[in-house]
Amino acid sequence: MTIRLILTLITVGFISQNSFSVEYDFFKGQKTEIKDPFKLRDPFKKPIVRGAKKVISMVPNKVGENSYSNIPSISGVPIDQIMVIGVMLGKNRRAIVRSKSKKETFIVKEGMALGVDKAIVKAILPGGVVLVEKIKNVYDQFEYLETLLPIVTE
């Protein structure tokens with residue numbers, strides 16, 4: 001208790017002597033033109049910017065409304081460049097597709113959108129994959145095109 005009291009009196013005396021001085025032990029007796037250097041902003045912290053928020057217009061790996069994925073997507077490959085190399089049948093049907101140009105392999109499931117035109121995988125059958133596209137015809141009406149991508153042997 002007495003040691004604590006003595007330390008408190010020493011620090012109070014030290015503070016009262018140096019409270020109006022710009023000299024700190026940190027600067028080893030040198031004077032500085034900065035009035036209070038210990039109240040400056042941390043240079044390694046990101047400054048707080050107040051104003052308009054950024055709006056992200058397009059996220060490349062967005063899967064759902066609030067979910068993202070780092071798995072490569074086949075959504076940018078045209079349908080004529082996609083070939084089916086295998087199917088997995090069962091409770092959760094999957095198809096293994098490959099891009100002709102990039103030679104990358106992807107796994108697709110029913111309900112996914114493929115290609116630039118966002119053709120939807122409607123069915124995965126033992127013989128291939130059924131895709132459905134919604135297009136506008138010359139009469140400015142919407143119509144659906146079904147495409148069957150058969151399994152290709154290399």
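Electrostatic tally near Glu146: other residues with Cβ closer than 9 Å to its Cβ, Lys and Arg +1, Asp and Glu -1, net 0.
Stokes-Einstein, applied to the Kirkwood radius of the range 79-150 over Cα pairs at a viscosity of 0.692 mPa s and 37 °C, places its translational diffusion at 258 µm² s⁻¹. Look at the alpha carbon pairs under 8 Å that are at least 6 residues apart: their mean separation over the length of the range 82-154 gives a relative contact order of 26 percent. Loop-located trypsin sites (Lys or Arg not before Pro) in the range 90-148 (DSSP state other than H, G, I, E, B) with a sparse environment of at most 14 neighbouring Cβ atoms within 10 Å: Lys91, Lys100, Lys102, Lys103, Lys118.
Laboratory data are not the source of any read-out in this text; all were calculated from the coordinates shown. Quantities reported herein were computed from a predicted structural model and do not represent experimental measurements. Cβ coordinates were reconstructed from backbone atoms using ideal geometry, including for glycine residues, and neighbour counts include every protein chain displayed.
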